[in-house]
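What follows is one structure encoded as structure tokens, with my remarks underneath.
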Amino acid sequence: YIDIKLFKKIYKINKKNKILCVGRLAAQKNYEFLFKILNNTGIEVDIIGHGDQFKYKALAKQNKVKVNFLGNIKNEDLPMYYNSYKVFVLCSLYEGNPKSLLEAMACECTCICSNVNGIKELNNGKNFEIIDLKDQNIFIKTIKKHINLGDETNNLGLKAREYIEEKFSLDIVKKEFLKIYKQL
């Protein structure tokens, strides 16, 4: 579930023209792909999460991408981060139930994600951009498009929030669990 009282849009906040990624530094998260498609674009990336920074700093340098590793952030501080960026990117090779994506959606972020198991099941065609990893040109064009758009045009974010409220709010999840327990 997502605490929709904590994870929500914060109004009157200046958005950074950067990409935000939230997830540990691991092969599954496919940061190598992201750094490769951002090669020489001048688009900066901030990553929240733990792991082998040495390896990923080297990959970023090799691809001429400015990456800031922010380490772990307290859960209650994450909404401020989600709300401070124009674009949230999740380009994983696979996912289970990507909590960071659900949190970003609850904060009305513009989310751009890979079309893989665990992510594609959450897409209703209106709540975030979903792109095949093999379509590298489309992936980078979509990132650039949303970095250049103003926040006022963010219909994806509104639809993402609605989706979270309908499917992943604590009240909804609690009701679903109660149904299951009553059937036992």
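If the viscosity is 1.567 mPa s and the temperature 4 °C, what translational diffusion coefficient in µm²/s does Stokes-Einstein give for region 1-94 when Rh comes from Kirkwood over Cα pairs?
Values: Rh = 13.9 Å.
This corresponds to a translational diffusion coefficient of 93 µm²/s.
In loop segments of region 30-133 as defined by DSSP, the chymotrypsin sites (Phe, Trp or Tyr not before Pro) with at most 13 further C-beta atoms inside 10 Å of their C-beta are Tyr94. For region 128-184, GluC sites (Glu not before Pro) meeting the loop criterion (DSSP other than H, G, I, E, B) and having at most 13 other Cβ atoms within 10 Å: none. Highest mobility in the GNM of the chain, judged by mean-square fluctuation with C-alpha springs under 10 Å and restricted to Gly96, Gly157, Gly71, is found for Gly96.
Sorted by accessible area with a 1.4 angstrom probe, largest first, how do His146, His50 fall?
Values: His146 20, His50 110 Å².
So, going from the largest accessible area down, we get His50, His146.
Rolling a 1.4 angstrom probe over the protein heavy atoms with all chains in place gives region 108-184 an accessible area of 62 Å² per residue.
Rounded to the nearest 500, the 222 nm mean residue ellipticity of the chain from helices alone is -11500 deg cm²/dmol, with -39,500 (n - 2.57) taken per DSSP H run of at least 4 residues. Length, then width, then depth: along the principal axes, the Cα atoms of region 16-57 run 24, 20, 17 Å. Once Rg and Dmax of the Cα atoms in Å is calculated for the structure shown, the corresponding label among (1) 17.2, 55; (2) 24.2, 97; (3) 16.3, 57 turns out to be (3).
The values are calculated or read from the model by the stated rules, or taken from the named source; none is laboratory data. Quantities reported herein were computed from a predicted structural model and do not represent experimental measurements. Backbone-built Cβ (ideal geometry, glycine too); neighbour counts: all protein chains shown. Accessible surface areas use protein heavy atoms only, side chains included; no ligands, DNA or RNA. Shrake-Rupley method; radii C 1.70, N 1.55, O 1.52, S 1.80 Å.
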